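Notes follow once the structure below has been shown.
The values are calculated or read from the model by the stated rules, or taken from the named source; none is laboratory data. Just so we're clear, the structure is a prediction, and the values are computed from it rather than from any experiment. So basically every Cβ, Gly included, is an ideal-geometry build from the backbone, and we count neighbours across all protein chains shown.
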Amino acid sequence: MHHFSYKNGEYHCENVPLAQIAEDVGTPFYCYSHATLLRHFTVFDEAFSEIEHIVCFAVKANSNLAVLSLLGKAGGGADIVSGGELFRALSAGISPDKIVYAGVGKTREEIRQALNVGVMMFNVESSQELLTIDAVSAQVGVKARVALRVNPNVDAKTHPYISTGLKENKFGIGFDTAIEEYRLAAGLKNVEVVGIHKHIGSQITQVAPFVDALEKTLGLVAQLKDDGIPIRYIDMGGGLGITYKDETPPQPKELAEQIAPMLKGTGCCVVFEPGRVIAGNSGALVTRVLYTKTNDAKSFIIVDAAMNDMARPSLYGSYQGIVPVNESALGYKKVSADVVGPICETGDFLAKDRVLPAFKQGELLSVMSAGAYGFTMSSNYNSRCRVPEILVNGDRYDVVRERETYEDLVRGESIPDYLS
């Protein structure tokens with residue numbers, strides 16, 4: 001569920017009309033609902049109340065400081081994949097002992113930064129990374145807590161770009177070599193083996209892949225125990241899907257009913273890394289119609305948001321719901337149209353062949369389910385300024401990231417003397 005709805009003919013986020021925000025800050029902009037973020041986190045967290053666990057929000061889904069702070073104050077930690085995400089999590093007040101560090105390409109400097117602040121653990125993806133962590137830990141003078149990310153070769157039944165648990169994916173260590181890799185880790189002087197990690201993909205809409213992957217993982221945990229390598233943390237990863245159009249993903253409670261009984265007897269603390277399921281439906285991208293046109297029976301609605309603002313439709317062919325901000329537009333004649341932006345690319349679209357009201361120039365549209373992998377994937381392509389982010393809480397809103405300026409576009413650049 002989310003806290004976006006029509007009130008008195010206008011689309012609101014909680015109790016604030018989106019048209020009011022558009023008038024104040026301009027378009028396009030991202031808008032997040034405080035109530036939705038908090039509810040989604042709480043529902044997920046409470047679903048697993050019967051087992052020892054920690055919910056580490058996937059920062060890559062939405063890295064705004066206000067969002068991270070909100071979730072941190074609710075008791076959440078952070079799942080990070082870069083030094084920049086570590087900096088953001090710490091800046092938002094999240095304790096280092098609630099931060100897990102994943103990612104296949106950690107640099108030595110990023111590892112050093114994480115060791116210095118004392119993150120909960122590194123999720124290690126290869127033997128070379130493991131040896132690098134050991135070497136950097138020796139230099140820093142601390143022992144690194146690690147979990148090895150194992151690849152269970154389970155099909156998550158999701159888009160191939162966001163499937164991470166198959167043999168052909170770049171992530172993790174194969175099950176056939178996992179015991180050998182754990183023995184290597186256990187023998188290193190500057191590493192402490194504390195956990196096991198698996199993550200099979202994103203936008204998963206069935207429980208079965210989670211169950212299959214966990215069964216394999218628990219079998220490996222038992223083997224490691226017999227081998228004298230006890231595991232304290234089982235990191236389940238994330239990946240639970242949301243409704244964009246007509247998907248019917250399981251609720252966190254349904255997932256918990258299947259996997260919590262499997263985890264109860266392990267004596268381990270379970271780490272979850274949800275991102276999209278917390279933030280996805282908490283946000284919208286609000287944009288204004290610039291022009292409309294029809295070419296050879298093909299209709300286009302040209303808006304001021306573009307693929308640099310919201311990459312998912314162009315990158316994945318994803319579906320994002322589109323809602324008129326003025327409710328009266330629902331009564332307009334319907335047309336089949338592409339919703340496109342100003343970018344000089346044919347791939348610049350937010351929707352293709354979508355049946356929509358025949359919007360008029362100047363009207364506002366709300367692109368839904370944009371709270372995850374929206375702003376975080378945005379860019380300055382075509383030298384476009386990145387848009388502001390707004391957080392609504394009840395009847396107030398705050399600009400939690402200002403719109404970039406042209407000066408921001410060239411900050412850090414310079415022209416050599418010989419070109420002056």
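Residues in segment 339-378 that are on the phi > 0 side of the Ramachandran plot and either within 24 Å of the chain's Cα centre (by Cα) or not assigned by TED's automatic domain parsing to the domain that holds Arg312 (or both): Ser369, Tyr373. For the structure I just gave you, tell me whether Leu263 is under 15 Å from Ile51 (Cα atoms) and touching a strand residue (DSSP E or B) at 6+ places or on another chain (Cβ under 9 Å). So Leu263 passes the test.
The set of residues from segment 194-212 being surrounded by fewer than 24 Cβ atoms within 10 Å (Cβ to Cβ) and closer than 18 Å to Gly172 by Cβ comprises Val194, Pro209, Phe210, Asp212. In segment 113-126, how many residues are touching a helix residue (DSSP H, G or I) at 6+ places or on another chain (Cβ under 6 Å) and surrounded by fewer than 16 Cβ atoms within 10 Å (Cβ to Cβ)? Counting residues in segment 113-126 that are touching a helix residue (DSSP H, G or I) at 6+ places or on another chain (Cβ under 6 Å) and surrounded by fewer than 16 Cβ atoms within 10 Å (Cβ to Cβ) gives 2. Those residues that are over 29 Å from Pro252 (Cβ atoms) and free of Cβ contacts under 8 Å to residues at least 40 places away in the same chain, I need them from segment 18-38; list them, please. Scanning segment 18-38 gives Gln20, Glu23, Asp24.
Taken together, the criteria exclude Ala66 from residues that are among the small types (Gly, Ala, Ser) and more than 26 Å from Val303 (Cβ to Cβ). Of the strands (runs of 3 or more DSSP E) lying entirely inside segment 330-420, those carrying at least 1 residues that are touching a Gly at 6+ places or on another chain (Cβ under 8 Å) and surrounded by 17 or more Cβ atoms within 10 Å (Cβ to Cβ) are 349-357, 364-367.
Give just the number: which of (1) crowded, with 23+ Cβ neighbours inside 10 Å; (2) at pLDDT 95 or above; (3) outside any helix (DSSP H, G or I) does Val142 not satisfy? Exception for Val142: condition (1). Could you say whether any residue in segment 305-321 is in a strand (DSSP E or B) and crowded, with 18+ Cβ neighbours inside 10 Å? No, because not a single residue in segment 305-321 is in a strand (DSSP E or B) and crowded, with 18+ Cβ neighbours inside 10 Å.
When Ile322, Ile301 are screened for being more than 26 Å from the chain's Cα centre (by Cα) and either on the phi < 0 side of the Ramachandran plot or modelled with pLDDT under 95 (or both), only Ile301 passes. Within segment 112-129, can you find the residues that are small (Gly, Ala, Ser) and part of a helix (DSSP H, G or I)? Listed by number, the residues that qualify are Ala114, Ser127. Annotation: of all residues in segment 168-222 being in a strand (DSSP E or B) and either over 28 Å from the mean Cα position of the chain (by Cα) or not assigned by TED's automatic domain parsing to the domain that holds Asn123 (or both), the one that is farthest from Ser127 (Cα to Cα) is Glu192. Being surrounded by fewer than 16 Cβ atoms within 10 Å (Cβ to Cβ) and not assigned by TED's automatic domain parsing to the domain that holds Pro388 is the requirement here; does Asp97 meet it? Spelling it out, Asp97 is indeed surrounded by fewer than 16 Cβ atoms within 10 Å (Cβ to Cβ) and not assigned by TED's automatic domain parsing to the domain that holds Pro388. Taken over segment 181-193, the criterion of being closer than 18 Å to Gln139 by Cα, surrounded by fewer than 17 Cβ atoms within 10 Å (Cβ to Cβ) and in contact with a strand residue (DSSP E or B) (Cβ under 9 Å, 6 or more places away or on another chain) is satisfied by Glu192 alone.
With respect to the numbered conditions (1) in contact (Cβ under 8 Å) with a residue 40 or more places away in the chain; (2) in contact with a strand residue (DSSP E or B) (Cβ under 9 Å, 6 or more places away or on another chain); (3) exposed (fewer than 15 other Cβ atoms within 10 Å of the Cβ); (4) not assigned by TED's automatic domain parsing to the domain that holds Pro388, which one is the sole condition not fulfilled by Lys245? Evaluating Lys245 over (1) in contact (Cβ under 8 Å) with a residue 40 or more places away in the chain; (2) in contact with a strand residue (DSSP E or B) (Cβ under 9 Å, 6 or more places away or on another chain); (3) exposed (fewer than 15 other Cβ atoms within 10 Å of the Cβ); (4) not assigned by TED's automatic domain parsing to the domain that holds Pro388 leaves (2) as the failure. Taking the criterion of being within 28 Å of the chain's Cα centre (by Cα) and farther than 15 Å from Phe4 by Cβ, the only residue of segment 325-338 that qualifies is Asp338.
Answer yes if at least one residue in segment 176-197 is at pLDDT below 90 and either closer than 24 Å to Leu255 by Cα or in contact with a His (Cβ under 6 Å, 6 or more places away or on another chain) (or both), and no otherwise. No: segment 176-197 contains no residue that is at pLDDT below 90 and either closer than 24 Å to Leu255 by Cα or in contact with a His (Cβ under 6 Å, 6 or more places away or on another chain) (or both).
In segment 363-420, the residue that is nearest to Ile302 (Cα to Cα) out of those that are touching a residue at least 60 places away in the same chain (Cβ under 8 Å) and acidic (Asp, Glu) is Glu363.
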